[in-house]
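The values are calculated or read from the model by the stated rules, or taken from the named source; none is laboratory data. Given the structure is predicted, the values throughout are model-derived calculations rather than measurements. Every residue, glycine as well, gets a Cβ built from its backbone with ideal geometry; the counts of neighbours run over all protein chains shown. Keep in mind that these areas ignore ligands, DNA and RNA; they rest on the heavy atoms of the full protein, side chains included. Shrake-Rupley method; radii C 1.70, N 1.55, O 1.52, S 1.80 Å.
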Amino acid sequence: FIAELETATKNECINDATLEMMNQQPLIPAANTRILLAEDNPANQLVIKSILNFSGMLVDTVANGREAVEAVRNIPYDIVLMDISMPETDGMTATRKIRQLPGKKSKIPIIALTAHSLSGDKELFMESGMNDYLSKPIERNLTLSCIARWTKSNQTQQPEPNIYLTKNNGHSADNKDEYVDEQVL
């Protein structure tokens, strides 16, 4: 018996045209978007959280699905990034439990994170109640665009401010040390 497996070759958020999105400036979530990252691997937690924090997101992490359900029950998150394979309670089971919570908590957007994107996986994720998925390792712009779509943000990415630029080319008209824009800091 030989099984043929089809793997995804690109990190993709399935609800939009990935190629179109990659050729344009990505959407970015609003600053201070509150994200729950459910990921059991400490290295993945560090990388993903760093990317999101650097982009102005507020990120809490949990290491399994049981903790994810409790966090969603107790804290008003804007979105959940949910690893599929976690100990104690996997991501799909946790998603089903979140969908059973009362009120608005059951409607929170949940994005699957998986290192194994096989043919048919996205259907399983959607059946469990997830809204979308991203394959790991995550790609920054694609991840931010995906989060922005599900949190209803329509901003386009702005260039990062360059804190090394000085006012008046480094020369102050009134001899004050105005080399750094305090607003940027």
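Candidates 72, 47: the one that is buried (at least 20 other Cβ atoms within 10 Å of the Cβ) and either farther than 23 Å from residue 127 by Cβ or in contact with a strand residue (DSSP E or B) (Cβ under 7 Å, 6 or more places away or on another chain) (or both) is 72. Test residue 60 against the criterion of being of a type in the set (Asp, Glu), surrounded by fewer than 20 Cβ atoms within 10 Å (Cβ to Cβ) and within 18 Å of the chain's Cα centre (by Cα), and give yes or no. Considered against the rule, which asks whether it is of a type in the set (Asp, Glu), surrounded by fewer than 20 Cβ atoms within 10 Å (Cβ to Cβ) and within 18 Å of the chain's Cα centre (by Cα), residue 60 comes out as yes.
Residues are listed down the side, and each one gets a yes or a no for (1) part of a helix (DSSP H, G or I); (2) of a type in the set (Val, Ile, Thr); (3) modelled with pLDDT under 70:
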residue	(1), (2), (3)
93	yes, yes, no
96	yes, no, no
116	no, no, no
149	yes, no, no
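Which residues, taken from region 122-143, are polar (S, T, N, Q) and touching a residue at least 40 places away in the same chain (Cβ under 8 Å)? Within region 122-143, 131, 135, 141, 143 qualify. Considering (1) buried (at least 20 other Cβ atoms within 10 Å of the Cβ); (2) more than 15 Å from residue 143 (Cβ to Cβ), the lone condition that residue 29 does not fulfil carries the number (2).
Among the residues of region 76-94, which ones are under 21 Å from residue 144 (Cα atoms) and either loosely packed, with under 15 Cβ neighbours inside 10 Å or not aliphatic (A, V, I, L, M) (or both)? Break it down stepwise before answering.
To start, the set of residues in region 76-94 that are under 21 Å from residue 144 (Cα atoms) comprises 76-84, 91.
Result: 76, 77, 78, 83, 91.
Can you tell me how many residues within region 32-44 are among the acidic types (Asp, Glu) and either open to solvent by 10 Å² or more (accessible area, probe 1.4 Å) or within 11 Å of the chain's Cα centre (by Cα) (or both)? Residues in region 32-44 being among the acidic types (Asp, Glu) and either open to solvent by 10 Å² or more (accessible area, probe 1.4 Å) or within 11 Å of the chain's Cα centre (by Cα) (or both): 1 in total. The set of residues in region 98-112 that are part of a loop (DSSP other than H, G, I, E, B) and over 13 Å from residue 132 (Cα atoms) comprises 100, 101, 102. Considering only residues that are in contact with a helix residue (DSSP H, G or I) (Cβ under 8 Å, 6 or more places away or on another chain) and more than 21 Å from residue 40 (Cα to Cα), look in region 107-143 and name the one that is most open to solvent (accessible area, probe 1.4 Å). Out of the qualifying residues, it is 141.
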